[in-house]
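Dumping the structure here so I can ask a few things about it.
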Amino acid sequence: MAKVLYEKDIQKEVLQGKKIAVVGYGSQGHAHALNLRESGHEVVIGLRPGKSQAKAEEDGFNVYPVAEAVEQADVVMILLPDEMQQKVYEESIKSNLKAGNALVFAHGFNIHFSQIVPPADVDVFLVAPKGPGHLVRRTYEEGAGVPALYGVYQDVTGNAKELALAYAQGIGAARAGVLETSFQEETETDLFGEQAVLCGGVTSLIKSGFETLVEAGYQPEVAYFECMHEMKLIVDLLYEGGLENMRYSISDTAQWGDFVSGPRVVNEDTKARMKDVLTDIQDGKFAKGWILENQAGRPQFNAINNQENKHQIETVGRELRDLMPFVKQSVKSKQKDVK
Ligand code: NAD
Ligand code: MG
Ligand code: MG
Ligand code: MG
Ligand code: MG
Ligand code: MG
């Protein structure tokens, strides 16, 4: 079994006295910065002027242009959108890294697909929380944490692994468990998970279920509650106790339906498609498409996004959620979450 490390296994001193620049203050950035500071580390923020800057300043951080933040830091955590990282790295980060600094990522995309080629005289590692940034923050405040993967790409100080672990501890991940990985494994499994299961898989499943009911003449509001709203309640049970716990809570009728109909919907064909998706990730086809899409100004991304936001499940859902203020509250703070 893989070795999972916890707070007791980690020497946090290795990060003491080092200045950490968190570059980007979005979903992950705000969570890392706030958690690290509360864990006793010195944190500055690197940003361009804009909305995030106001938020970081409101939270009491010193905010600098990216180049200045990197220049004064020993550890540089890149929490920019993946598709922006290469440009910002070339313009503002590369020339401000000093020998022995650490360059850190929360996702391996740009290193693994060679969009960023780091200098040979810095440590390069990743600390990738396995959860949305807003939960990295919320669970830390609750005294818990989101598990994380760490991996070392380049170790020039001889301390890269210890630094990665201390960083993981600083954001609260070691309360939940920290697991060693490589940039390749983290990149490929993260992309696969979000495409086939967590984001792509789940949204396609929900929409297909909703459409099937509505096309058969059932009320869209009923279809919404059945296929979208209840998903969270079921997923909470899975999170807390796996398949067995969820099946314990549902009726035996639901459990029998799960056994006989689930595999008719998600079957060997679906698994073959999942393998295709994984192959496209492994051989770089997905990465190339996403890089080119960004270079072209995101024509497909924007068109699909507009289409999706107009789907009936979204218009019905907006109306129903307006009538459930307790739901809306939590959605607002998590809008940009899963990446
Ligand atoms: P985000 O889009 O939420 O935030 C990006 C931040 O970068 C914002 O503060 C934005 O203002 C800033 N920014 C954008 N362009 C900039 C520029 N040119 N110069 C300076 N600042 C700029 O991003 P995110 O979702 O937190 O993702 C950051 C990294 O974390 C990515 O590598 C992502 O794969 C990884 N990650 C994200 C999640 C998640 O929950 N969102 C989970 C695991 C890993
Ligand atoms: Mg992920
Ligand atoms: Mg039911
Ligand atoms: Mg039961
Ligand atoms: Mg987004
Ligand atoms: Mg991801």
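The values are calculated or read from the model by the stated rules, or taken from the named source; none is laboratory data. Everything numeric here is computed off the predicted structure, so don't read it as measured data. Positions of Cβ are backbone-derived with ideal geometry, glycine not excepted, and every protein chain shown enters the neighbour counts.
Answer yes or no: is there a residue in segment 114-132 that is at pLDDT 95 or above and part of a helix (DSSP H, G or I).
No, segment 114-132 has no match at all.
Residue under question is residue 165, and the condition is that it be touching a residue at least 40 places away in the same chain (Cβ under 8 Å), outside any helix (DSSP H, G or I), surrounded by 15 or more Cβ atoms within 10 Å (Cβ to Cβ) and of a type outside the set (Phe, Trp, Tyr); does it hold?
No: the conditions fail for residue 165.
Restricting attention to segment 164-222, which residues are of a type in the set (Gly, Ala, Ser) and closer than 30 Å to residue 319 by Cβ?
200, 201, 204, 208, 209, 216, 217
Scan 221, 215, 211, 185 and give me the residue that is of a type in the set (D, E, K, R), in contact with a helix residue (DSSP H, G or I) (Cβ under 7 Å, 6 or more places away or on another chain) and more than 16 Å from ligand 4 (Cβ to nearest atom).
Answer to the check: 221.
Only one residue in 117, 23, 104 is surrounded by fewer than 16 Cβ atoms within 10 Å (Cβ to Cβ) and among the β-branched types (Val, Ile, Thr), so which one is that?
Only one candidate qualifies: 117.
Regarding segment 99-106, can at least one residue be identified that is in a loop (DSSP other than H, G, I, E, B), within 18 Å of residue 21 (Cα to Cα) and within 17 Å of the chain's Cα centre (by Cα)?
Yes, there is a match, as at least one residue in segment 99-106 is in a loop (DSSP other than H, G, I, E, B), within 18 Å of residue 21 (Cα to Cα) and within 17 Å of the chain's Cα centre (by Cα).
Is it the case that some residue within segment 240-259 is away from ligand 4 (no atom under 16 Å from the Cβ), β-branched (Val, Ile, Thr) and in contact with a helix residue (DSSP H, G or I) (Cβ under 9 Å, 6 or more places away or on another chain)?
no
Output the number of residues of segment 104-154 satisfying the condition of being among the polar types (S, T, N, Q) and either at positive phi or touching a Gly at 6+ places or on another chain (Cβ under 7 Å) (or both).
Counting residues in segment 104-154 that are among the polar types (S, T, N, Q) and either at positive phi or touching a Gly at 6+ places or on another chain (Cβ under 7 Å) (or both) gives 2.
Please give the number of the condition residue 86 fails out of (1) out of contact with any strand residue (DSSP E or B) (no Cβ under 8 Å at 6 or more places or on another chain); (2) without any contact (Cβ under 8 Å) to a residue 24 or more places away in the chain.
So residue 86 meets the others, but not (2).
Could you tell me whether residue 157 is on the phi < 0 side of the Ramachandran plot, outside the structural domain of residue 38 (by TED's automatic domain parsing) and more than 16 Å from ligand 4 (Cβ to nearest atom)?
The answer is no for residue 157.
Still on this structure, I have one more. Go through the residues of segment 281-302 one by one and say whether even a single one is within 16 Å of ligand 3 (Cβ to nearest atom), surrounded by 10 or more Cβ atoms within 10 Å (Cβ to Cβ), within 25 Å of residue 130 (Cβ to Cβ) and among the charged types (D, E, K, R).
Scanning segment 281-302 turns up no residue that is within 16 Å of ligand 3 (Cβ to nearest atom), surrounded by 10 or more Cβ atoms within 10 Å (Cβ to Cβ), within 25 Å of residue 130 (Cβ to Cβ) and among the charged types (D, E, K, R).
Additional query: Just need a number here: residues in segment 238-257 that are part of a loop (DSSP other than H, G, I, E, B) and among the polar types (S, T, N, Q).
1
Would you call residue 37 within 13 Å of residue 140 (Cβ to Cβ) and either surrounded by fewer than 22 Cβ atoms within 10 Å (Cβ to Cβ) or not polar (S, T, N, Q) (or both)?
Against the criterion (within 13 Å of residue 140 (Cβ to Cβ) and either surrounded by fewer than 22 Cβ atoms within 10 Å (Cβ to Cβ) or not polar (S, T, N, Q) (or both)), residue 37 qualifies.
While we're looking at this one, here's another question. Evaluate segment 175-196: report whether one residue or more is within 11 Å of ligand 1 (Cβ to nearest atom), among the β-branched types (Val, Ile, Thr) and either more than 18 Å from residue 78 (Cβ to Cβ) or not in a helix (DSSP H, G or I) (or both).
No, segment 175-196 contains no residue that is within 11 Å of ligand 1 (Cβ to nearest atom), among the β-branched types (Val, Ile, Thr) and either more than 18 Å from residue 78 (Cβ to Cβ) or not in a helix (DSSP H, G or I) (or both).
Show the residue pairs that are 6+ apart or on different chains and have beta-carbon atoms under 7 Å apart, the first residue being within segment 126-145 and over 13 Å from residue 29 (Cα atoms), the second being within 8 Å of ligand 1 (Cβ to nearest atom).
Every condition considered, the pairs that remain are 126/105; 126/106.
Yes/no per residue for (1) part of a loop (DSSP other than H, G, I, E, B); (2) away from ligand 2 (no atom under 16 Å from the Cβ); (3) exposed (fewer than 11 other Cβ atoms within 10 Å of the Cβ):
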position: 259; (1), (2), (3): no, yes, yes
position: 270; (1), (2), (3): no, yes, no
position: 277; (1), (2), (3): no, no, no
position: 319; (1), (2), (3): no, yes, no
